[in-house]
Every structure is written in structure tokens, then in C-alpha cells.
Amino acid sequence: MQAAHYLAMFITAGGVCVVAAPSQNTVRPPVLSVKTDLVTLAIAVVDRDGVFVAGLRPEHFSVYDNGEPRPIEFFSSEDLPATIGMVIDSSGSMRGKREQVTAAGMAFAALSHPLDELFTVNFNEMAWPGLRPGLAFTADRDELRAALAGAPAQGMSAVYDAVDRALAHLQQGTRDRKALIVVSDGGDNASAHNFDDVLESARQSMAIVYAVTLFEPDDHDARPRVLKRLARATGGEAFTPRRASDVVRSFEQIAHELRSGYTIGIQPPDSVDAGFRSIRVVVNAGDGRQLAARTRAGYYAGR
């Protein structure tokens, strides 16, 4: 009795190969290879008034990789769940502001996707997880409130160490879209890491970083531009709320952006040198509107 033919599947770093098993008459088995090394970009589109724009199609977007146009291989405008971390400053500079931050975090959770994975990292001169031991992520409001409100405002500030720790924790999440919301004045006087370390980690992680900078006008230790640079490099945005109601509004805007954006995938060129490659996205709806697309500054090739 002849042996039955069968198919074997092999998953490799370059893609998926389906290989027909050899029979007595088979000289060379056919191979189907599917590449999976797409670069995925989370994109927010706004009009001239800063209003998010929905309903766009793939033909409305042009993507440039190191200045060269690349075809769009994947496109989605679906409301997808995300893994999201809140990095909360608990140093002495946050005295009197923690209640505002807790209220803003809860407002964010109320507007988030019900399947989002949420976590917090608190920091002063040290960084530590806000959720109780053994709980990496949560969608439970009570757990999140306890994590946001459970740290006193005292001590020095290690914001770079906290962001680095949160970026590492993001990679444990199961959602493809990943983001951090950093709440701080940007001043750092206790980190082992420096800003360049954190910027490099953020670029490699493909996470979006949003910054909510809280500081007094006469606070000479505040460094809001540092967090703004980190946000812009990753496709996020920086907010500088001045009133308690503005803090909540900033978090609500971030939640809205995460749920109304686009995801685009491009295939890197077949042969590129290892290193950082710049990305630029242009959007044209064909109706005369002045639209702007915001995404990360680039990605690392050759990894």
C-alpha cells in the first residue's frame, strides 16, 4: 500500500513555508514562502483644526522609507485593543497633583477599548509596578484606581529609569499596538539611564509614547521639552495642561486617538544596511482638505 501524501509546515524567521512531502515520483518538492517581516506604523490623521479624520482608504496614504516611496502591504482602520502603560511621577514635584492624575487615568480607562491591557509604573528615585504582585495587566477599574492612587508624592525623580522599565514591560503584552503615557515634569535627577538610552529603547520597541507634562512656571528643574522630543520621535504627542480639567482632557484625547487611528504595514527594501531608517507619511484625501499624518520617525532595519 502506497504511503499517503501529506503537507508539512515550517515557521521560520523569514516567513511560513509549506512543503509537500516527497513521494517516489517527486524529484523536487514545491515550496510556498510567505514573508512576514512587515514594518507596522500606527498613524493619526488630523485636519487643520486638529480634529481626527476617519474614513480614509489606503489610496489616500503615501509612505516614504528613507525618502523612497514604498507600497502599502497592510491597511486597517479598525478599533483594535492595545497594551498601554501609564508611567506616573511620584516624586516631590507632584505634590498636590496626584488626585488629578488618578481622575485622568480613570477617565482614560472609561474611554479605552474593553480589551486593552493596562498597567502602571510609579517612580520617584526608584521605579516600581503599580499593580499588585502577580498582576501584569488589568482591565479592572478598581485595580487600576488602586495602582494610580497608591503612591505618595515624595523623593527625587528617575523618569528615564521608569520609562525604560515600562518599555520592557510593554513587550510582555499580547496586543500588537503598544503605547505609554508618561506623566511628569520631565526633570530627572536620579536615573541610571540617560535620555539617549531611553530614546533608543523607544525607537526599537515601536511603541507610541505620549507625554503629559505637569509643572509650575517657576519650576526650573522641569524639562518638558525632553518628554516632547520622546513623544514626537515615536509618533505620539505632548500635552502641557495648566488646569485640573485640562489633565483629564489630555488623557481623553489620547484615548480617542488610540481608538481612531490607522495601522499601515510596509515591506522594507530587499537589501538595506542595518541601522535606523526614516519614515514619512503623506495623506491626501483628494478633496482639498489640509490633512496631517503623525507617525513614528522611523524604524531599525537589519535586526
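Nothing in this text is a laboratory measurement; each read-out follows from the coordinates by a stated rule. All of these numbers come straight from a predicted model, not from anything done at the bench. In this analysis, Cβ positions are derived from the backbone assuming ideal geometry, glycine residues included, and neighbour counts consider all displayed protein chains.
With the Cα gyration tensor of the range 158-286 giving a ≥ b ≥ c as the square roots of its eigenvalues, does the rule (a/c under 1.5 for rounded; else a/b larger than b/c for prolate; else oblate) give rounded, prolate or oblate?
Verdict is oblate for the range 158-286.
Quick check: residue separation of Asp221 and Asp47 times 0.36 nm, minus the Cα distance between them. What number comes out in nm?
Separation in residues times 0.36 nm, less the Cα-Cα distance, equals 59.1 nm.
Quick one: which residues, 5 or more positions from Thr120 or on another chain, have an amide H under 5 Å from its amide H? H modelled 1.01 Å from N in the peptide plane, none for Pro or chain starts.
Result for Thr120 returns Met86, Gly130, Leu131.
According to the square roots a ≥ b ≥ c of the eigenvalues of the Cα gyration tensor, what is the shape class of the range 87-143, taking rounded for a/c under 1.5, prolate for a/b larger than b/c otherwise, and oblate for the remainder?
Cα axes put the range 87-143 in the oblate bin.
With Kirkwood radius over Cα pairs in Å defined as stated, name the option among (1) 21.0; (2) 19.3; (3) 19.8 computed from the structure displayed.
(1)
Going by the alpha-carbon gyration tensor, a ≥ b ≥ c the square roots of its eigenvalues, is the range 82-260 rounded (a/c under 1.5) or, if a/c is not under 1.5, prolate (a/b greater than b/c) versus oblate?
rounded
To the nearest µm²/s, what D does Stokes-Einstein give for the range 211-303 at 10 °C and 1.306 mPa s, using the Kirkwood radius over alpha carbon pairs as Rh?
Stokes-Einstein gives a translational diffusion coefficient of 98 µm²/s.
Report the net charge of residues surrounding Ile72, where surrounding means a beta-carbon distance below 12 angstrom and charges are Lys +1, Arg +1, Asp -1, Glu -1.
-1
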